[in-house]
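Worksheet for the structure shown next.
Rule-based calculations on the coordinates, nothing more; no lab input. Quick caveat: nothing in here was measured; it's all calculated off a predicted structure. Counting neighbours? That spans all protein chains shown, and the Cβs are built from the backbone with ideal geometry, glycine included.
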Amino acid sequence: MLKFIRNLLVTGGCGFIGSNFIHYIFHKTDYEGRIINVDKLTYAGNPDNLDGIDRQYPGRYHFERADICDFKTMADLFSRHDIDAVCHFAAESHVDRSIKQPGEFIFTNIVGTYNLLEIARAHMDHFVLFHHISTDEVYGSLGKRGIFRETTRFKPSSPYSASKASSDHLVSAYHKTFGLPVTISNCSNNYGPFQFPEKLIPLMTLNAIEGRNLPVYGDGKNVRDWLYVEDHCKAILTIMNGGKRGQTYNIGGNMEMENIVIVEMICDIVDELCGPDSAGPRRNLITFVKDRPGHDRRYAIDFSKLTNHLAWHPGESFQSGLRKTIRWYMDNAAWVERVRSGEYQAWMKEHYGE
């Protein structure tokens, strides 16, 4: 399928998963077309994630700072770059932020997706595919048993997951109503390089390295299924290449873990790699804090459809992926410092304006 795509629009390509996806396409596939990366460059969109890629692949990578909620700008961009496919990552994605500022999530995740669908529909004469990246959080929470399947009823718990559920329905409706060629993927929790430090694994990793407290919500027994980001990128390309149009595919890592177990694993690996902290084993830094509102208890995802139909399966174990991730944050202290200090945002303001 990718060989039929000349100009691929990647939305949110300076974010965590989007930037990993662009790296993966350029470095590990035979795709010969162009990637147009559109990113609003909010706090989590960082051009440092793709530093040098335009020089490595001259003429094949183009960056546009734009907001997917700006219909006119996006329509002009589609025409100027003759876009024939979209891989849609752009979204507000942090649950805690959605509780404090739900309006931003509704606008970006729903209205922004609608804009892209409408513009793609206007280019139906040559449009190849709209792939929409979503989350397993649209399904809500599981008890001790059960598993999310593509047929599981949506039951979102937070403004974030509700906005993503809405965007999923919109994408599906544009296929059923207008015949727009679409695929949708709902993935479990990602981890790996370039993840913004507010998320569980990088936050705990960096705090552990620096000897800071490790705050864990509630009793720490909330369960998530974890997926290494490069495995996610492979799955997306697998779906784009071979997925049936109009279909949804779950992507999981087959690795259910309690949050507290993950934090303890991080402590042990950091102790091993950095040596013991002056205050003793880093597990001593774990503190339990008040649980957040609407905190889903357990997610577990069935990705057998993707395995059975398209022969995809995760390649990274959680143990090996976690060790790689911790090592990446240790080896990229300059990236971490620029993100934390806001220096990259000052650079963006200088180069791109407000």
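Summary of values
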| quantity | calculated |
| --- | --- |
| Over the range 211-265 - Rg/Rh using Cα atoms and the Kirkwood inverse-distance radius | 1.16 |
| Kirkwood Rh (inverse of mean 1/r, distinct Cα pairs), the chain, angstrom | 20.8 |
| Net lengthening on full extension, Leu310/Arg149 (0.36 nm per residue, minus Cα-Cα) | 56.3 nm |
| Value of Rg to Rh for the range 32-95 (Rh from inverse mean 1/r over Cα pairs, i.e. Kirkwood) | 0.96 |
| Pairs of lysines in the range 125-237 (C-alpha under 29 Å apart; 8 or more residues apart or interchain) | 16 |
| Kirkwood Rh in Å, taken over all unlike Cα pairs in the range 44-181 | 16.6 |
| Within the range 152-172: backbone nitrogen closer than 19 Å to the Lys244 label point (7 Å, Cα to C-beta) | 152-153, 169, 171-172 |
| Peptides ranked, highest mean first, by Cβ atoms within 10 Å: ranges 83-93, 197-207 | 83-93, 197-207 |
| Against the rule of thumb 2.2 N^0.38 Å, how large the Cα Rg of the range 113-154 comes out | 1.72 |
| In Hz, Karplus ³J(HN,Hα) per residue of the range 112-123 (6.51, -1.76, 1.60; θ = phi - 60°; x = Gly, Pro) | x, 5, 4, 4, 4, 5, 4, 5, 4, 4, 6, 10 |
| Descending Cα extents along the principal axes, the range 1-124, whole Å | 42, 33, 22 |
| Radius, Kirkwood style, for the range 181-326 when every pair of distinct Cα atoms is counted (Å) | 16.4 |
| For Tyr217, residues with placed amide H under 5 Å, excluding near neighbours | Val289 |
| Computed [θ] at 222 nm, deg cm²/dmol, the chain (DSSP H ≥ 4; -39,500 (n - 2.57); rounded to nearest 500) | -12500 deg cm²/dmol |
| Modelled FRET efficiency - R0 30 Å, Lys324 with Thr287, Cβ distances, 0.05 increments | 0.65 |
| Local electrostatic count at Glu316 - Lys and Arg +1, Asp and Glu -1, tallied over other residues with Cβ under 13 Å | +1 |
| Pair Ala279, Asp219: separation of 7 Å Cα→Cβ label points (nm) | 2.5 |
| Projected-area mean, the range 1-73, by convex hull of Cα positions, square nanometres | 5.1 |
| Förster-model FRET efficiency, 25 Å R0, His62 and Glu32, C-beta, rounded to 0.05 | 0.95 |
| Qualifying lysines (Cα of each under 16 Å from Cα of Lys72; at least 8 residues distant if same chain) | Lys40 |
| Highest to lowest packing among 229-241, 280-292, scored as the average C-beta count within 10 Å | 229-241, 280-292 |
| Isotropic mean projected area of the C-alpha convex hull, the range 128-230 (nm²) | 8.6 |
| Protection proxy ranking of 109-116, 147-154 - average other beta-carbon atoms within 10 Å, highest first | 109-116, 147-154 |
